[in-house]
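Participant: Provided herewith is a single structure, encoded as C-alpha cells, for subsequent inquiry.
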Amino acid sequence: MFNKKIVSICLICLLFLGACNSEEKTTSVSKNPSNENNQTEVKEEKSNEQIDEEKDNKNNLDVEIFSESEPVSSVDSLEQMKNQKPGLLVKDTSFQFEVGSPANEPLHSKQIKAIIQELETLTNETEDSSEIYNRIVQLLGYPNYKKIIEKAENFEPRFDEPFMPTVSMKDNNDIQSNHGKAIILLDAKSSMLLSQDGQSTLEIIKDSINRFVKIVGQSNEVSLIVYGYKNNNSESDAALACNAVEEMYPMGTFDEEQFKESLRTIEGNGESPLARAIQKAEEVSGDEDEHVSIYVISNGAETCDGDPVKEIEKFMSKKVDRAVHFIGLEVDENTEDMLKELSILGKGTYYSAKNEGELKSIIGEKWLKNYIDLALTHTKAPGPWEILDEYNRFDEDLNRIREVIKTEKSRYDQAVQILRLEKLVDPSIIEQVSELIIEEYRNKLDVISEFRANKLEEIDQEAKDIRDQVEEWKEQMRQQENLAFAT
C-alpha cells in the first residue's frame, strides 16, 4: 500500500510538471506592460535563499493536519475575501513569494501527499461535493488576502496640487501668503511725456500701477524700482544721474497704503539707466524657486551706456519661470524695435502707448491679463492622461490580487486532478466540485472588478473636485479683475 502511494504521488507530480511546461505561463491579467516590471520588483524583494527556505518549509509539512473547522462560505464581498482563513497547507507562504510565483506552479510532493490523505479520509465519510470543496479550500485557500486587499484599499491618487493664489481683497493688517514676485520698473523721466487735459501723466501712471499691483499683490511679493529721477544739468551730474536707481518699495508683502506712499515721492526728470534698473531688479528677485516678473514703463532709450540685453540675459539665466514685460511711451521706431527685442529675450510682452487712454488700458487690462494667464499656467486640474496614469498605478495593486486568485484556483484545480487520478469519488461528483471552484473563482473576480470600478470612481471624483476648485478660483480672478478696474 505504501509503495502504491509513493508511485501515485510521483505520477501526480510528473503530470503537474508536464502541464506547467506545456502551458504558456502568464503572470498578469492586465495588459499593462508596467505590470511585468512590478513582477520583477516583487521577485527581487526576496533573496534566493529566502525563497528556498520557504520551499523547504513547505516540503517539511506534517501531513497529519486535519482538524474540524467551519464550513467555507461563498465569497461576495471584499470583507469576506479578507476574512478567508489561510489554507492549512499554505498558511506560512509569504505575500512576496506568493505574488512572485507563476499562477500555475505545481504543488510539491509533501502537499500532494497531505491532500491525498485528507481527501481519502473525507471521501470515505462523504461524497458530498460541497464538503469536498470545503476541505480543498481549508487546505489550499490563499493566506494573504487581507494584506494585499488592504494595500489596494489604501491607494490614494497623487495629482499635482494646482497653484491657486489667494485673490480675495484683504484688510491691510492681514498676513498674506505670497507665491511669486512682481517688480515694477518706472522710468521717472517718462512722466514728462503724454501730459494733456491738465492732468499730470505721472499721476495717471501712479493710479494705473496702483490698480495693477492691487491684484498682483494678493499673491506676490512686490517691489517698485524707480530710475531717471535725478537731473543732469552738467557733466559733474552725469555719473550721479546714471546711478539714480532706487527701490522705492522694498520687496515684500503688498501693503496698499505704503505702496501709494512710495509712489507719492517720485518726481520726473533725469537720465534713463535702463540696464542698471534691470540689474537692480535681478538683485532683488533672489534665487528662490518661484516665478518672477518685471514690468517696465519707459520711454525706452538707454542713455547711460548700459547693456540692457546683457542684464536681461543674466536675469533670465537663473530660473525658467521668469518674464520681462515692457510699455514704451511715445517711443520712436528704433527704440520700439529695441524694446520688442528685449521683451522677446525676456519671454514677455511689449506694448506701445501713445496716449493716456492706451497707457491705462495696457497697465490696467493687458498686463493684468498677462498676470492672470501666468497664474493660470500653474493652475491645472488633472487631465485625461493624469487620470489614466492613476488608473494604471492602482491597477498595479489590483492585478496582484487577480494573480493570487488565479494561483489559488490553480491549486484547487490540482486538488481536483488528484481526486480524478486517485478515483476517490464518482466523476460526476468531481465535476460538481470543479463547478464550485469555478463559481468561487468568478465570484472573487467579480468582487475585484466591482472594487476597481468603485476605486476609479473615487479617482474621478478627486479629479473633479480639483477641477471645481480651479474653476471657482478662475471665477474669483475674473471678479477681482472687474472689481479692481471698476473703482
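Per-residue answers, yes or no, for (1) buried (at least 21 other Cβ atoms within 10 Å of the Cβ); (2) farther than 14 Å from residue 317 by Cα; (3) modelled with pLDDT of 80 or more:
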{"position": "258", "(1), (2), (3)": "no, yes, yes"}
{"position": "290", "(1), (2), (3)": "no, no, no"}
{"position": "293", "(1), (2), (3)": "yes, no, yes"}
{"position": "296", "(1), (2), (3)": "yes, yes, yes"}
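Participant: If you check residue 175 against the conditions, is it of a type in the set (Val, Ile, Thr) and modelled with pLDDT of 90 or more? Spell out how you get there, then give the answer.
Facilitator: Values: of a type in the set (Val, Ile, Thr): yes; modelled with pLDDT of 90 or more: no.
For residue 175, the condition - of a type in the set (Val, Ile, Thr) and modelled with pLDDT of 90 or more - is not met.
Participant: Can you run down the residue pairs with Cβ atoms below 9 Å, 6 or more apart or on separate chains, where the first is in segment 412-431 and touching a residue at least 40 places away in the same chain (Cβ under 8 Å) and on the phi < 0 side of the Ramachandran plot and the partner is crowded, with 18+ Cβ neighbours inside 10 Å and acidic (Asp, Glu)?
Facilitator: Listed by first residue and then by second, the contacts come to 412/440.
Participant: Now for a different question. Being at pLDDT 70 or above, crowded, with 16+ Cβ neighbours inside 10 Å, among the basic types (Lys, Arg) and not assigned by TED's automatic domain parsing to the domain that holds residue 275, is that true of even one residue in segment 188-200?
Facilitator: no
Participant: Against the condition more than 18 Å from residue 303 (Cβ to Cβ), surrounded by 15 or more Cβ atoms within 10 Å (Cβ to Cβ) and not basic (Lys, Arg), how does residue 336 come out, does it pass? Step through it out loud before you land on a result.
Facilitator: Working: more than 18 Å from residue 303 (Cβ to Cβ): no; surrounded by 15 or more Cβ atoms within 10 Å (Cβ to Cβ): yes; not basic (Lys, Arg): yes.
Considered against the rule, which asks whether it is more than 18 Å from residue 303 (Cβ to Cβ), surrounded by 15 or more Cβ atoms within 10 Å (Cβ to Cβ) and not basic (Lys, Arg), residue 336 comes out as no.
Participant: Can we say residue 393 is among the basic types (Lys, Arg) and in contact (Cβ under 8 Å) with a residue 60 or more places away in the chain?
Facilitator: yes
Participant: Same structure again: Is there any pair linking a residue in segment 445-461 that is at negative phi to one that is in a helix (DSSP H, G or I) and of a type in the set (Asp, Glu), with Cβ under 6 Å and at least six apart or on different chains, and which?
Facilitator: 459/390
The values are calculated or read from the model by the stated rules, or taken from the named source; none is laboratory data. Source: prediction; values computed, not measured. Glycine gets a Cβ as well: all are built from the backbone with ideal geometry, and neighbour counts include every protein chain shown.
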